[in-house]
1. Among Q25, Q57, which is the only one that is within 28 Å of K136 (Cα to Cα), assigned to a helix (DSSP H, G or I) and among the polar types (S, T, N, Q)?
2. Could you list all residues from the range 22-60 that are more than 21 Å from D89 (Cα to Cα) and touching a residue at least 24 places away in the same chain (Cβ under 8 Å)?
3. If you go through the range 268-292, how many residues are under 18 Å from the mean Cα position of the chain (by Cα) and either surrounded by fewer than 23 Cβ atoms within 10 Å (Cβ to Cβ) or assigned to a helix (DSSP H, G or I) (or both)?
4. Somewhere in the range 171-181, is a residue free of Cβ contacts under 8 Å to residues at least 24 places away in the same chain and buried (at least 22 other Cβ atoms within 10 Å of the Cβ)?
5. Restricted to the range 82-106, and to residues that are touching a strand residue (DSSP E or B) at 6+ places or on another chain (Cβ under 8 Å) and part of a helix (DSSP H, G or I), which residue is farthest from the ligand (Cβ to nearest atom)?
6. Quick test of your reading of the structure: E256 fulfils all but one of (1) of a type in the set (D, E); (2) under 21 Å from R171 (Cα atoms); (3) touching a helix residue (DSSP H, G or I) at 6+ places or on another chain (Cβ under 6 Å). Name the failing condition by number.
7. Failed condition for L131, given (1) touching a Ser or Thr at 6+ places or on another chain (Cβ under 9 Å); (2) free of Cβ contacts under 8 Å to residues at least 24 places away in the same chain, with all others met?
8. Going by the structure shown, is V97 of a type in the set (V, I, T) and in contact with an Asp or Glu (Cβ under 9 Å, 6 or more places away or on another chain)?
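The values are calculated or read from the model by the stated rules, or taken from the named source; none is laboratory data. Only a predicted model underlies this, so the values are computations on that prediction, with no experimental measurement involved. For neighbour counting, all protein chains shown are included, and Cβ atoms are generated from backbone atoms with ideal geometry for every residue, glycine included.
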Amino acid sequence: MSATIIDGKAFAAGLRGKLAEAVGQLKAEHGLTPGLAVVLVGENPASQVYVRSKGKQTVEVGMNSFEHKMPMTTSQNELLAKVDELNHDPSVHGILVQLPVPDQIDDHAIINAINPAKDVDGFHVINAGRLMTGGKGDDAPMVPCTPLGCLMLLEDHLGNLSGLNAVVVGRSNIVGKPMGQLLLSRSCTVTTAHSRTKDLPEVCRGADILVAAVGRPEMIKGDWIKPGATVIDVGINRVESENAKGRLVGDVATAEAMQVAGAITPVPGGVGPMTIACLLANTVTAACRQAGVEAPRL
Ligand code: GUN
């Protein structure tokens, strides 16, 4: 039997369509155009590609996009001054500083200088704390985009996640830790596994939901997967191929996994497109909260 493919590309396109409609309504009814500022320090080629895509998709759904490119030699104080300027700009509702930043800059200090209400990455300690403590209403967190996208795909495919065993492989602040919190908030029994986990294959075999976010090409093999499990592959790894640009693979050995899993996200075309769509969704949510307008249901 072959697993169902979870089409993140199509889901993300649908989400962007709903966002474009919501943005049109915010403009017409409240004179509100959500604005996203993205700051790129230096010339990391992968970051340049991501930032370009973010800007393009922001404009496509009708929002304002502000791109701030700063040189590789930018000091921490110069970047803090940029964040401060954006914090005080009323046309900017969301701020994202593309990571990684150059070595002379402390990324924690920068992230925590962003106004938590404009922190559309959801990386500020206040948002991480609100996610962990289950804040609602005025206390609701901005949720990190990649795990939010994974959760949307899981709920769309499985419906209610309550009681399921979820294993998240990876413990980064960007994906692994917030993913675990989100699954816990949906009443999953969550295990956060990582490179030091004893007998990782056996731990993975207990998962009804397996989220792979380790950044190691095709590390998770077919015989690590419980028959019928739902597998979410967050990895985007470029490996050598006949093609000069290489080939993209996930953290899961997809061809093997397809023989065992019930459903799986492909790479590319699975989680990747969801991340930017969720960034746009967070920007709309942030703009509504800042303007005191009810946020659209997406
Ligand atoms: N670099 C890689 N992923 C991300 C992300 O989600 N947000 C930011 N700010 N930088 C990144």
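1. Testing whether each residue is within 28 Å of K136 (Cα to Cα), assigned to a helix (DSSP H, G or I) and among the polar types (S, T, N, Q) leaves just Q25.
2. Selection gives A22, G24, Q25, G42, E43, N44, S47, Y50, S53, Q57, E60.
3. 17
4. yes
5. Once the filter is applied, the top-ranked residue is N87.
6. E256 satisfies all of (1) of a type in the set (D, E); (2) under 21 Å from R171 (Cα atoms); (3) touching a helix residue (DSSP H, G or I) at 6+ places or on another chain (Cβ under 6 Å) except (2).
7. Of (1) touching a Ser or Thr at 6+ places or on another chain (Cβ under 9 Å); (2) free of Cβ contacts under 8 Å to residues at least 24 places away in the same chain, only one is false for L131: (2).
8. Spelling it out, V97 is indeed of a type in the set (V, I, T) and in contact with an Asp or Glu (Cβ under 9 Å, 6 or more places away or on another chain).
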